[in-house]
Amino acid sequence: MSMNDTLATAMSNILNAEKTAKPFCFATPISKMLTKALDIMQEKGYIAGYEVADKGRGGKYKINLNGSINKCGVIKPRFSVTKDEFEKFEKRYMPAKDFGFILISTTKGLMTLEDAREKGLGGRLIAFVY
């Protein structure tokens, strides 16, 4: 199985497990970006938590779901955005104001669009969750 985008694979695994009301799902392989994305999803209450289920080659996360994700996915192509363009992409990817979040990769690391706006940073759009 060839995986070019580990985050996209993980997001689709999470979404499929949520749709079938499973209590957890697995995501492989472990990556820094996936770890940070899961941290933010947990912080915002979209997942119950996650743990390393397999430390073997590539590694595997067991993600505990709490049924609060309606949709999640990666944004392709990874649009480059300046802080002035945030609203345009929020309108495109979010169903309503203050509902869900967009992950953006900045020079200061992966963060939500709101955090990037507060810090006055631009970057590349990575994923959305609501």
Might you check whether a residue that is on the phi < 0 side of the Ramachandran plot, part of a loop (DSSP other than H, G, I, E, B), surrounded by fewer than 16 Cβ atoms within 10 Å (Cβ to Cβ) and not hydroxyl-bearing (Ser, Thr, Tyr) occurs anywhere in the range 18-31?
yes
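Just checking, does the range 43-54 include any residue being aromatic (Phe, Trp, Tyr), closer than 18 Å to residue 129 by Cα and either in the same structural domain as residue 120 (by TED's automatic domain parsing) or surrounded by fewer than 16 Cβ atoms within 10 Å (Cβ to Cβ) (or both)?
Here is the first cut: in the range 43-54, the residues aromatic (Phe, Trp, Tyr) are 46, 50.
So of that shortlist, the ones also closer than 18 Å to residue 129 by Cα come out as 46, 50.
With either in the same structural domain as residue 120 (by TED's automatic domain parsing) or surrounded by fewer than 16 Cβ atoms within 10 Å (Cβ to Cβ) (or both) added as a condition, the list becomes none.
Within the range 43-54 (the criterion being aromatic (Phe, Trp, Tyr), closer than 18 Å to residue 129 by Cα and either in the same structural domain as residue 120 (by TED's automatic domain parsing) or surrounded by fewer than 16 Cβ atoms within 10 Å (Cβ to Cβ) (or both)), the answer is no, since none of the residues qualifies.
Can you tell me how many residues within the range 62-83 are outside any strand (DSSP E or B) and either free of Cβ contacts under 8 Å to residues at least 40 places away in the same chain or more than 22 Å from residue 121 (Cα to Cα) (or both)?
Filtering the range 62-83 down to residues outside any strand (DSSP E or B) leaves 66-71, 75-79, 82-83.
Subsequent filtering for residues that are either free of Cβ contacts under 8 Å to residues at least 40 places away in the same chain or more than 22 Å from residue 121 (Cα to Cα) (or both) retains 66-71, 77, 83.
Qualifying residue count, the range 62-83: 8.
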Checklist (1) among the hydrophobic types (A, V, I, L, M, F, W, C); (2) in contact with a Ser or Thr (Cβ under 7 Å, 6 or more places away or on another chain); (3) closer than 13 Å to residue 74 by Cα applied to residue 125, failing item
(2)
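Kindly indicate which of 45, 49, 58 is part of a loop (DSSP other than H, G, I, E, B) and at pLDDT 95 or above. Explain how you work it out, then say what you get.
Values: 49 fails: part of a loop (DSSP other than H, G, I, E, B); 58 fails: at pLDDT 95 or above.
Result of the check over 45, 49, 58: 45.
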Which of the residues belonging to the range 1-17 are under 25 Å from residue 115 (Cα atoms) and assigned to a loop (DSSP other than H, G, I, E, B)?
5
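The values are calculated or read from the model by the stated rules, or taken from the named source; none is laboratory data. Everything numeric here is computed off the predicted structure, so don't read it as measured data. Glycine gets a Cβ as well: all are built from the backbone with ideal geometry, and neighbour counts include every protein chain shown.
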